[in-house]
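Notes follow the structure.
The numbers here are math on the coordinates, done by the rules we state, and not lab data. Computed from a predicted model, the values in this text were never measured in an experiment. FYI the Cβ positions are ideal-geometry reconstructions off the backbone, even for glycines, and counts take in every protein chain you see.
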Amino acid sequence: MNKIVKGAAIAVATTGMAVSTPVHYAIAQAPTQSVLSDSSSLSGTEGEIELLPNPLYKGEEDTEESTQAFAVQNFTEKKIAALAESRSLRVEEEKRYQEELRKKRLAEKKRKREEKRRKEIQACCGVSAGSKDCQILERIVEAEAGGENFTGKVLVANVVLNRVKSKAFPSTIEGVVFSHRGSRYQFSPISDGRYYTVTVSKSTKKAVRSALNGNDPSKGALYFMERAYADRSNVNWFDRALTRLFGYGCHEFYK
């Protein structure tokens with residue numbers, strides 16, 4: 001058999017496929033990269049079969065490269081995930097910081113507003129802890145809003161204080177609370193005597209102190225009423241002559 005043909009036959013027998021048959025070589029795919037030689041010669045030259053790597057076969061070097069590639073990919077994916085998580089944490093931290101900053105600004109704004117209100121109250125009526133005016137304010141708030149929560153009591157206290165500041169009313173707490181026209185008093189607890197019989201609660205004292213220190217959610221209200229118990233004539237006058245600001249608890253507040 002011709003050496004080339006014989007070499008090709010060996011390649012076919014070994015690998016199952018002969019790729020080409022040049023003059024001195026039969027090139028074929030094989031599981032390894034070794035070279036098989038034919039012992040016979042052609043024109044004084046040994047015929048050789050060069051075996052090329054089989055793409056379906058993975059040797060040790062290929063396996064090692066694949067493992068390294070997988071390791072690099074896995075590391076990259078973990079790095080990307082870590083960066084994404086870090087960015088998310090920074091975004092959340094920035095949100096918390098901005099929210100805290102907003103709360104601080106609001107608190108500072110409220111503090112300045114209350115300080116201004118406190119100074120105005122002191123300037124117009126000179127109220128101090130334990131003073132007669134403070135006790136009068138506590139009793140009228142208890143009589144008018146004893147069943148209301150803290151804010152409801154603060155609102156009623158501020159209506160009295162707003163009147164003290166207004167030129168349309170007396171300039172002291174005592175003058176406002178006991179203001180009357182003939183036998184008709186501005187506050188019904190004075191008329192029916194409840195003012196004199198109430199026991200002032202700690203909650204009411206705290207609410208009055210808060211109002212005197214500048215806590216004012218009243219929006220400038222000068223009047224309030226409890227519609228369910230007010231005289232019809234008073235209700236009609238409130239609705240016709242005044243501007244309703246808001247309702248809170250059992251009271252409606254007007255200006």
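Worth pointing out:
- Exposure proxy ranking for 229, 254, based on other Cβ atoms within 10 angstrom of each Cβ and starting from the fewest, stands as 229, 254.
- Peptides 158-165, 73-80 ordered by average Cβ neighbours within 10 Å, highest first: 158-165, 73-80
- Farthest towards the positive end of the charge dipole of region 126-254, among the residues 190, 200, 217, is the Cα of 217, using unit charges on the Cβ of Lys, Arg, Asp and Glu.
- Cα pair distances in region 58-124, grouped into 10 Å bins until the bin that holds the longest one, percent each: 17, 18, 15, 14, 12, 9, 7, 5, 3, 1
- When the listed pairs 119/206; 119/205; 132/206; 109/132 are checked against a 26 Å cut-off, the alpha-carbon distance exceeds it for 109/132.
- Think of each Lys and Arg Cβ as +1 and each Asp and Glu Cβ as -1; about the Cα centre, that makes the dipole of region 157-211 roughly 200 debye.
- For 251, 180, the sequence from fewest to most other C-beta atoms within 10 Å is 180, 251.
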